[in-house]
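Visitor: Attaching a single structure in structure tokens format; questions to follow.
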Amino acid sequence: MHAQEIMEQVGRGSAERLYDQIVRLIERRANGISRSEVMQQYHLDSRTATQTFATLEERGLITRHKSGRTEVLLPTRKLQ
């Protein structure tokens, strides 16, 4: 399984690898994960986080919901 993941990543840029990692994290948290948790785990600044989450949402990989002052990221598909 690990070798397959490595082969899938060959030729992909660092941004695409980051997107994949973030989507996998969000998929593991079926009830959602806060924006701030993802930012802390991947050491993202606000601008990078905004661009990353917008891209993932546009691709249909995540949805974003506001819960008070917190933004919650949810998967759009179930973990396989």
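The values are calculated or read from the model by the stated rules, or taken from the named source; none is laboratory data. Predicted, not measured: the structure shown is a model, and the values here were computed from it. Note that each Cβ is placed from the backbone with ideal geometry, even for glycine, and that neighbours are counted across all protein chains shown.
Visitor: Just for region 58-75: of the residues that are among the β-branched types (Val, Ile, Thr) and under 11 Å from the mean Cα position of the chain (by Cα), which one is nearest to LEU25 (Cα to Cα)?
Guide: Result: ILE62.
Yes or no, residue by residue, for (1) surrounded by fewer than 15 Cβ atoms within 10 Å (Cβ to Cβ); (2) at pLDDT 95 or above; (3) of a type in the set (Lys, Arg):
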| site | (1), (2), (3) |
| --- | --- |
| MET1 | yes, no, no |
| GLU16 | yes, no, no |
| ILE22 | no, yes, no |
| ARG28 | yes, no, yes |
| ASN31 | yes, no, no |
| LEU44 | no, yes, no |
| PHE53 | no, yes, no |
| SER67 | yes, no, no |
| ARG77 | yes, no, yes |
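Visitor: ARG77: outside any helix (DSSP H, G or I) and not β-branched (Val, Ile, Thr), yes or no? Full working, then the answer.
Guide: Working: outside any helix (DSSP H, G or I): yes; not β-branched (Val, Ile, Thr): yes.
So ARG77 fits the description; yes.
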